[in-house]
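Here's the structure, in structure tokens; my notes come after.
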Amino acid sequence: VYYVLADLSNTPWKVSEVFYYAQRAVLYPIDPLFDLETQTLKPRCVMALKHIFNISDQDQDGSLSDAELNDYQVKCFDAPL
């Protein structure tokens, strides 16, 4: 919603666009994940992503192999790469 209101005064918007961006801001908020002022991920988001990576990196070599990446894809989306 902040994004829509900040840009609303500078640009002629269609009503449907305003509702689209407002709905998107409510359904997919970035505020818990991303700091708009510093343009960086928030610390808890970084910690969560590192945790997900560490769980997925089964051989603990610091990178995801094709097999590990495929396993992650199947676990999350029930579909192989």
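The values are calculated or read from the model by the stated rules, or taken from the named source; none is laboratory data. Everything numeric in this text was worked out from a predicted model, so none of it was measured. Every residue, glycine as well, gets a Cβ built from its backbone with ideal geometry; the counts of neighbours run over all protein chains shown. With ligands, DNA and RNA removed, areas are computed over all heavy atoms of the protein, side chains included. Shrake-Rupley method; radii C 1.70, N 1.55, O 1.52, S 1.80 Å.
Mind telling me which of the residues 4, 74 ends up being modelled with pLDDT of 95 or more and not polar (S, T, N, Q)? Don't jump to the end; show me each part of the working.
Details: 4 fails: modelled with pLDDT of 95 or more.
Testing whether each residue is modelled with pLDDT of 95 or more and not polar (S, T, N, Q) leaves just 74.
Scanning for something of a type in the set (A, V, I, L, M), modelled with pLDDT under 95, in a helix (DSSP H, G or I) and open to solvent by 60 Å² or more (accessible area, probe 1.4 Å), does the stretch 17-31 turn up at least one residue?
Here is the first cut: in the stretch 17-31, the residues of a type in the set (A, V, I, L, M) are 18, 22, 25-27, 30.
Adding the requirement that they be modelled with pLDDT under 95 leaves 18, 22, 25-27, 30.
Subset that is in a helix (DSSP H, G or I): 18, 22, 25-27.
When the remaining residues are screened for being open to solvent by 60 Å² or more (accessible area, probe 1.4 Å), the result is 26-27.
Scanning the stretch 17-31 turns up at least one residue that is of a type in the set (A, V, I, L, M), modelled with pLDDT under 95, in a helix (DSSP H, G or I) and open to solvent by 60 Å² or more (accessible area, probe 1.4 Å).
Any residue in the stretch 43-58 that's farther than 14 Å from residue 75 by Cβ: show its pairings with residues that are of a type in the set (Val, Ile, Thr) and open to solvent by less than 70 Å² (accessible area, probe 1.4 Å) at Cβ separation under 9 Å, as long as the two are six or more apart or on different chains.
What qualifies is 46/40.
For the stretch 24-81, give me each residue that is at positive phi and not small (Gly, Ala, Ser). Write out each step before concluding.
Residues of the stretch 24-81 at positive phi: 39, 60, 62, 78.
39, 60, 78, listed by residue number.
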